[in-house]
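Below is one structure, written out as structure tokens; comments come after it.
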Ligand SMILES: Cc1cc2nc3c(=O)[nH]c(=O)nc-3n(C[C@H](O)[C@H](O)[C@H](O)COP(=O)(O)OP(=O)(O)OC[C@H]3O[C@@H](n4cnc5c(N)ncnc54)[C@H](O)[C@@H]3O)c2cc1C
């Protein structure tokens, strides 16, 4: 990225580094030694509600300090409350942050700041920007993402939670699902159907919803890997003032697409490493005394090469972003390879451990691999499933013919309604 550095950016980086050194310690490169410390191979963190609240408090403290130092909203245009800096600044900030021991972000922080904060800044009224956008971007308030429904995940536009106009309010009824961290959120960013007599994308409206509104019920869903970080959220005639509508009536699909797009351009506050790595797998093979076995060696080499390939893809997307390009569908390649690698690493560890994988002997690090294996399927779904990434790659990268679409009639005439 050196070729993109100019004097101004270098000086800015220096300022970032100086500020970071006032709020965090330099990060020491983590070297995991077999048999020492916490083996932590969890993909989704297993925490009690109390631990999760304490952890979120730490992240929020950092995010507030970052916002107050002027580094909260780097790339958003000034008319929307951002600094309007080119993407290369966001990439530079993330690189500088990586050198410091800051609390790693979590999904609800990224959703609140990167997705909802940006969406309300861009699509909200001046009052909404004043009242909510800043509070989300600074993490004074947390906001979960109420998009998916039992019948609408990959096919998000098929959502059927209804909002019906009643004077100055809307009455919302329906169900959302997989809502990460709804139990810690003061607000939810919700998509609801406001017109069923048009094609499905054209009848959706976006709203902010106070999560303590009468008629909202949040029920945690326990994952097989242990935590209950996401939830079902039920709406039973929930009254929402029209003042909480984000964007025009029936313009919610545009808001939703832009919101998901912000995910790609949101900056910094690196996520923790997820699950076991190829290095952990090699250490396991060495510990079990099988690293010289020819078949095992081949498998280890395969996983290692795929891990390096993924790192190269991430670097390529970062370079494109820094150069102001939209990496577009190329982002799907990285997501697909990352989830595929997690599954491959988990499968290889399962084969190496054999029955010890399920009948934990208590030996150091063995149960940790079970946590990796149980978490990997969730990663294949979150943020767009593997199959959906493959469709995107097929249609938009390789230019193969698009899938047949049987859903072009008005929503009310589609067979599932
Ligand atoms: C950890 C985690 C956190 C999440 N957090 C949130 C959140 O905070 N807010 C929120 O709104 N949602 C959240 N989600 C939901 C997530 O967005 C959905 O799980 C995802 O979009 C897939 O939808 P689905 O689960 O309904 O599966 P479906 O869409 O029903 O898919 C079922 C299967 O069919 C396949 N499939 C579907 N369509 C196609 C197609 N066209 N071609 C080929 N195969 C297809 C899928 O790949 C999958 O294997 C979260 C999910 C996870 C796992």
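Structure notes:
- Residue within segment 358-366 that is at pLDDT below 95 and surrounded by 17 or more Cβ atoms within 10 Å (Cβ to Cβ) present: yes
- Inter-residue pairs, beta-carbon under 7 Å, first over 15 Å from residue 159 (Cβ atoms) and in segment 396-417, second within 14 Å of the ligand (Cβ to nearest atom) and part of a loop (DSSP other than H, G, I, E, B), 6+ apart: none
Residue-by-condition table, conditions (1) within 30 Å of residue 221 (Cα to Cα); (2) touching a residue at least 60 places away in the same chain (Cβ under 8 Å); (3) touching a strand residue (DSSP E or B) at 6+ places or on another chain (Cβ under 9 Å); (4) part of a helix (DSSP H, G or I):
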position	(1), (2), (3), (4)
16	no, yes, no, yes
21	no, yes, yes, yes
40	yes, yes, no, no
46	yes, yes, no, no
59	yes, yes, yes, yes
67	no, yes, no, yes
70	no, no, no, yes
83	no, no, no, no
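- Some residue of segment 400-408 being assigned to a helix (DSSP H, G or I) and at pLDDT 85 or above: no
- Residue ID - nearest to residue 280 (Cα to Cα), chosen from residues in segment 371-394 that are out of contact with any helix residue (DSSP H, G or I) (no Cβ under 6 Å at 6 or more places or on another chain) and away from the ligand (no atom under 12 Å from the Cβ): 371
- Check on residue 164, in a strand (DSSP E or B) and within 21 Å of the chain's Cα centre (by Cα): no
- The one condition from (1) without any contact (Cβ under 8 Å) to a residue 24 or more places away in the chain; (2) crowded, with 17+ Cβ neighbours inside 10 Å that residue 217 does not meet is (2).
- Subset tally (residues that are more than 10 Å from the ligand (Cβ to nearest atom) and either within 28 Å of residue 139 (Cα to Cα) or part of a strand (DSSP E or B) (or both)) for segment 167-182: 7
- Answer residue from segment 287-325, given it is loosely packed, with under 14 Cβ neighbours inside 10 Å and in contact (Cβ under 8 Å) with a residue 40 or more places away in the chain and is farthest from residue 397 (Cα to Cα) among those: 302
Quick grid of which residues meet (1) more than 16 Å from the ligand (Cβ to nearest atom); (2) touching a residue at least 24 places away in the same chain (Cβ under 8 Å); (3) under 18 Å from the mean Cα position of the chain (by Cα); (4) over 30 Å from residue 196 (Cβ atoms):
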residue	(1), (2), (3), (4)
92	yes, yes, no, yes
116	no, yes, yes, no
123	yes, yes, no, no
136	no, yes, yes, yes
148	no, yes, yes, no
151	no, yes, no, no
156	no, yes, yes, no
159	no, yes, no, no
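- Test for residue 341: is it within 12 Å of the ligand (Cβ to nearest atom) and at pLDDT 90 or above: no
- Just one of (1) part of a helix (DSSP H, G or I); (2) assigned by TED's automatic domain parsing to the domain that holds residue 252 fails for residue 154. It is (1).
Residue by residue, here is whether (1) without any contact (Cβ under 8 Å) to a residue 24 or more places away in the chain; (2) touching a strand residue (DSSP E or B) at 6+ places or on another chain (Cβ under 7 Å); (3) closer than 22 Å to residue 260 by Cα; (4) in the same structural domain as residue 107 (by TED's automatic domain parsing) holds:
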position: 334; (1), (2), (3), (4): no, no, yes, no
position: 337; (1), (2), (3), (4): no, no, yes, no
position: 344; (1), (2), (3), (4): no, no, no, no
position: 356; (1), (2), (3), (4): yes, no, no, no
position: 365; (1), (2), (3), (4): no, no, no, no
position: 374; (1), (2), (3), (4): no, no, no, no
position: 390; (1), (2), (3), (4): no, no, yes, no
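The values are calculated or read from the model by the stated rules, or taken from the named source; none is laboratory data. None of these values were measured; they are calculated from a predicted model. FYI the Cβ positions are ideal-geometry reconstructions off the backbone, even for glycines, and counts take in every protein chain you see.
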